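Trainee: Have a look at the structure that comes next, please.
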Amino acid sequence: MRDPVHKANRKIWRDGAFSEGTRLIPEETALALTYNGGTYAVMMGTPEDLSDFAIGFSLNEGIVQSADEIETLDIVELDDGIELRMWLRPDKAALIAERRRHIAGPTGCGICGIDSIAEAVRPAALVPEGRSFSPREIMTAIAAVAPLQEINHQTRAVHAAAFWTRTTGIVALREDVGRHNALDKLAGALARDKVAAGDGMVLLTSRVSVEMVQKTAAIGAPLMVAVSAPTALAIKTAEAAGITLAAIARADGFEVFTHPERIAATMVARESVYVVVA
């Protein structure tokens, strides 16, 4: 079974200079839950305690009333994800077919309506080179987010996604209880106003999952900066998409996981392959 934790190389910007280092990051894997041969949902999750996840999901969704109603449970590792195959008692078969037609994803799940592993881990769009940014600009941009989070000031319970450019500062900021929803709202605002995404950076108040990278790639931004850590799959996807991924962005610095050549290019040596996840 896949290791739930990986080690990633990164460059650390702190105290006015870059240094090298590694960080332990969580794995993120597409988990397909199937019942009686049909896919019910695909979730992104940590490949650990998967039997517990399959049973708990089934109980919490009301698919079964007790674990005994699951006759068999097999965990099948595929090339691009893991399938949790469950067979229910015959009297549950008709019910699961009806529920499958009415399933609604949890708030901000990011992959609502997806019922295949391949679709969940699809490659992100390739992002044009865009412009480079200095460490000072990244620090300035991430610091500008919190003061503009009006809903979060009142509730302390929502995420934000914002877009920053050198000439304007924060161009747009959107909030939502779901981090994916906030980024979707931002994408809509930028598209409506015909903003050139290659000139700026996407800023996130959340961790970076693969869906967040896919959405940023669709926007076309060359740099994404987040206050929390990325997953292993997010790093791989950002590397392939040509996105510079900076995370753990705090008042004292940040860490760069992919394509560091975009950040203060005269100070950071260009590397053909930077991130190694093993």
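The values are calculated or read from the model by the stated rules, or taken from the named source; none is laboratory data. Nothing here was measured: the structure is a model prediction, and the numbers come from that model. Here Cβ is always computed from backbone atoms with ideal geometry, including for glycine, and neighbour counts include all displayed protein chains.
Trainee: Here are some residues: 19, 51, 58. Which one is over 20 Å from residue 245 (Cα atoms), of a type in the set (Ser, Thr, Tyr) and modelled with pLDDT of 90 or more? Lay out the reasoning, then the answer.
Mentor: Working: 19 fails: over 20 Å from residue 245 (Cα atoms); 58 fails: modelled with pLDDT of 90 or more.
It is 51.
Trainee: Just the residues that are of a type in the set (Lys, Arg) and at pLDDT 95 or above, please, taken from segment 137-173. Quick ask: steps written out before the conclusion?
Mentor: Of the residues in segment 137-173, the ones of a type in the set (Lys, Arg) are 156, 166.
Correct list: 166 only.
Trainee: Then there's this: Among 144, 196, 120, which is surrounded by fewer than 17 Cβ atoms within 10 Å (Cβ to Cβ) and either touching a helix residue (DSSP H, G or I) at 6+ places or on another chain (Cβ under 8 Å) or touching a residue at least 12 places away in the same chain (Cβ under 8 Å) (or both)?
Mentor: Working: 196 fails: either touching a helix residue (DSSP H, G or I) at 6+ places or on another chain (Cβ under 8 Å) or touching a residue at least 12 places away in the same chain (Cβ under 8 Å) (or both); 120 fails: surrounded by fewer than 17 Cβ atoms within 10 Å (Cβ to Cβ).
Just a single option satisfies the conditions, and that option is 144.
Trainee: Taking segment 161-220 as the region of interest, how many residues are hydrophobic (A, V, I, L, M, F, W, C) and in a loop (DSSP other than H, G, I, E, B)? Step through it out loud before you land on a result.
Mentor: Here is the first cut: in segment 161-220, the residues hydrophobic (A, V, I, L, M, F, W, C) are 161-164, 170-173, 177, 182-183, 186-187, 189-191, 195-197, 201-204, 208, 210, 212-213, 217-219.
Right, trim to in a loop (DSSP other than H, G, I, E, B) and you get 177, 195-196.
Selection size over segment 161-220: 3.
Trainee: Touching a Leu at 6+ places or on another chain (Cβ under 8 Å) and crowded, with 18+ Cβ neighbours inside 10 Å, is that true of residue 73?
Mentor: Details: touching a Leu at 6+ places or on another chain (Cβ under 8 Å): yes; crowded, with 18+ Cβ neighbours inside 10 Å: no.
Against the criterion (touching a Leu at 6+ places or on another chain (Cβ under 8 Å) and crowded, with 18+ Cβ neighbours inside 10 Å), residue 73 does not qualify.
Trainee: Can you name the number of the only condition in (1) basic (Lys, Arg); (2) crowded, with 19+ Cβ neighbours inside 10 Å; (3) touching a residue at least 60 places away in the same chain (Cβ under 8 Å) that residue 7 fails?
Mentor: (2) is the only condition that residue 7 fails.
Trainee: Sort through 183, 204, 173 and tell me the only one that's closer than 16 Å to residue 139 by Cβ and either touching a Phe, Trp or Tyr at 6+ places or on another chain (Cβ under 9 Å) or without any contact (Cβ under 8 Å) to a residue 60 or more places away in the chain (or both). Before the answer, list the steps.
Mentor: On the way: 183 fails: closer than 16 Å to residue 139 by Cβ; 173 fails: closer than 16 Å to residue 139 by Cβ.
Exactly one of 183, 204, 173 is closer than 16 Å to residue 139 by Cβ and either touching a Phe, Trp or Tyr at 6+ places or on another chain (Cβ under 9 Å) or without any contact (Cβ under 8 Å) to a residue 60 or more places away in the chain (or both), namely 204.
Trainee: Tell me, yes or no, whether segment 173-186 has at least one residue that is surrounded by fewer than 20 Cβ atoms within 10 Å (Cβ to Cβ) and aliphatic (A, V, I, L, M).
Mentor: Within segment 173-186, one or more residues are surrounded by fewer than 20 Cβ atoms within 10 Å (Cβ to Cβ) and aliphatic (A, V, I, L, M).
Trainee: Separate question: Counting just the residues of segment 130-156 that are assigned to a helix (DSSP H, G or I) and among the hydroxyl-bearing types (Ser, Thr, Tyr), which one comes out farthest from residue 15 (Cα to Cα)?
Mentor: Per the criteria, the residue is 155.
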